[in-house]
Amino acid sequence: MNGYLSLSIDYTSFIVSCKALLKKNVQIRCQLQAPPKSTQDYKLLSSIVSELKYLEGIEGISAISESEYFFLGNCSVNPEVQESFSTNNHIILSLVKKSFYTLFRNSISFLETSSHSDDEYKILPPALRFKVDVEISDQIVHFLNDSEFVYIYSSIGGMLLGYQNYFNQFEEILNKHKLNKHKGIRWLKSIRTKNDLILVRDLIQRGIEIRHSVDRPRFDFAISDKYFACTIERNEEGKMILDNMLLNDDRANLTFYKMIFGKLWDSAMNAEERIKELERRVDDSIDIVYDSNESLHRLFELFVLAKDEILIILPSTNGFFRTEMSGSFNKLNRLGNRGIKIKILTLRDEENIYEINKIKAKYQNISFKDLEQTMASFNRILVFDKDNTVIWEVKDDSQLKFTQALGKAIFIEGKKTSETISFIFNSLWAQSEIHSRLKEAHKKLKSHDKKQSQFMDLVS
């Protein structure tokens with residue numbers, strides 16, 4: 001089932017039918033074109049389908065079964081009129097099913113977990129979107145299916161990739177593990193933030209062993225009894241692209257990495273202990289990252305996990321153009337389209353005012369205000385949901401690439417620092433608004449004086 005279901009409409013009979021089908025062990029997979037608007041909507045949808053995913057760009061409502069295909073959407077000639085189509089032609093059914101499974105495989109999963117304090121559900125927002133090469137995807141499936149044990153060392157991105165794309169394979173392994181036909185899955189990752197906890201808890205509850213490593217791996221890798229697998233991701237247009245993978249069955253290589261993983265595993269902290277440690281933490285945590293590529297990766301995670309508000313200070317004209325050239329304004333604008341408030345303070349530059357205003361006008365979901373010249377020496381500052389703050393050193397402002405222009409970054413998780421920086425940001429924002437109003441009032445006053453002078457000249 002594809003499309004957008006508005007839960008404001010009475011779907012009583014539809015809900016009853018779906019629940020009846022689930023009782024008969026019928027699989028109902030649902031794809032939405034937009035995330036559920038509330039926790040209640042999410043819980044209701046989750047209760048009537050087997051799997052729920054999200055994918056931008058879906059139009060209309062379509063449903064496919066083993067015997068029929070149905071579509072309801074807006075008429076291409078007159079969008080205000082709806083048109084429907086249904087068929088039981090086996091050729092069309094076959095094509096539509098293949099299309100659906102391809103889209104579903106590349107859709108985004110929603111993760112939920114019950115909190116300890118109440119019965120409410122927390123939904124992880126549409127997270128890191130992965131575009132996986134088909135050949136690589138087949139290799140990963142083969143790696144998982146043809147294994148007696150699986151050890152994985154990855155970042156949060158690698159964990160999300162596994163959850164979103166290959167959890168059916170994980171569940172098969174875990175079911176075999178319960179029957180003592182597989183040794184199970186061990187996963188080693190750096191559990192850094194409270195955002196990580198939602199995903200980690202979910203995987204632990206399902207039976208995956210997880211431990212916390214202090215360091216994030218330079219590259220993600222996995223080993224089984226037969227293969228060593230290594231992947232490298234890259235960020236492009238708001239998606240993580242996975243198009244590089246090494247799959248090797250060399251025994252010496254396997255033995256070496258199994259030994260490395262074993263030593264890391266033995267020295268790592270149990271994930272449940274790490275979760276308790278993060279939950280008990282009162283003071284803000286501070287992490288200094290010297291590698292610009294690592295900083296970009298972590299920053300990308302914060303962007304996609306943002307829920308309410310992102311505040312950014314861009315302290316230079318070059319930084320502004322660098323952000324535009326990298327496509328970052330476009331990504332922020334898409335986040336704004338999801339309802340996240342995006343506010344950016346930029347340096348006022350009279351020499352480039354035309355080009356800057358032209359760029360700003362392209363992004364209707366971003367609010368821009370001008371900084372005064374006295375702020376030009378500041379580093380780049382970002383605040384996410386008043387929970388996470390990033391202060392990034394501008395090392396060489398003349399460079400076009402972020403990795404060359406920016407130096408070390410300070411990642412601060414905690415409300416104390418973030419709320420303080422947010423207060424300073426909002427003060428500068430209000431100051432900019434007052435300054436703009438004063439300038440506008442000054443222009444009107446000058447215009448009035450000029451008209452008055454022209455009137456006096458005319459009278460005299």
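The values are calculated or read from the model by the stated rules, or taken from the named source; none is laboratory data. As the structure is a computational prediction, the values presented were derived from the model and not from experiment. Glycine gets a Cβ as well: all are built from the backbone with ideal geometry, and neighbour counts include every protein chain shown.
Some notes on this structure:
- Residue identified as closer than 26 Å to Leu103 by Cβ, in contact (Cβ under 8 Å) with a residue 40 or more places away in the chain and of a type outside the set (Phe, Trp, Tyr) among Asp146, Asp196, Asp202: Asp202
- Among the residues of region 239-290, the ones that are in a loop (DSSP other than H, G, I, E, B), over 17 Å from Ile152 (Cα atoms) and in contact with a Ser or Thr (Cβ under 8 Å, 6 or more places away or on another chain) come to 1 in all.
- Residues within region 40-74 that are under 23 Å from the mean Cα position of the chain (by Cα) and β-branched (Val, Ile, Thr), tallied: 1
- Filter result for the condition that a residue is more than 25 Å from Asp266 (Cβ to Cβ) and crowded, with 22+ Cβ neighbours inside 10 Å, over Leu179, Leu161: Leu161
- Any hit, region 422-432, residues being β-branched (Val, Ile, Thr), within 23 Å of the chain's Cα centre (by Cα), more than 21 Å from Phe321 (Cα to Cα) and modelled with pLDDT of 80 or more: no
- Cβ pairs under 8 Å, 6+ apart, first in region 384-395 and in contact (Cβ under 8 Å) with a residue 60 or more places away in the chain, second aromatic (Phe, Trp, Tyr): Phe384/Phe303; Asn388/Phe411; Val390/Phe384; Val390/Phe411
- Residue in region 291-304 that is farthest from Lys369 (Cα to Cα), counting only those that are in a helix (DSSP H, G or I) and among the acidic types (Asp, Glu): Glu294
- Sole residue being in contact (Cβ under 8 Å) with a residue 40 or more places away in the chain, within 22 Å of Gln404 (Cβ to Cβ) and not polar (S, T, N, Q), chosen from Arg298, Arg338: Arg298
- The lone exception for Arg280 - which of (1) at pLDDT 90 or above; (2) surrounded by fewer than 20 Cβ atoms within 10 Å (Cβ to Cβ) it fails: (1)
- Residues that are within 17 Å of Phe402 (Cβ to Cβ) and in a helix (DSSP H, G or I) within region 305-322 comprise Thr317, Asn318, Gly319, Phe320, Phe321, Arg322, listed in sequence order.
- Among residues of region 113-158, those that are within 20 Å of Lys189 (Cα to Cα), part of a loop (DSSP other than H, G, I, E, B) and modelled with pLDDT of 70 or more, counted: 3
- Residues of region 344-355 that turn out to be surrounded by fewer than 19 Cβ atoms within 10 Å (Cβ to Cβ) and either in contact with a strand residue (DSSP E or B) (Cβ under 6 Å, 6 or more places away or on another chain) or part of a loop (DSSP other than H, G, I, E, B) (or both), as a count: 2
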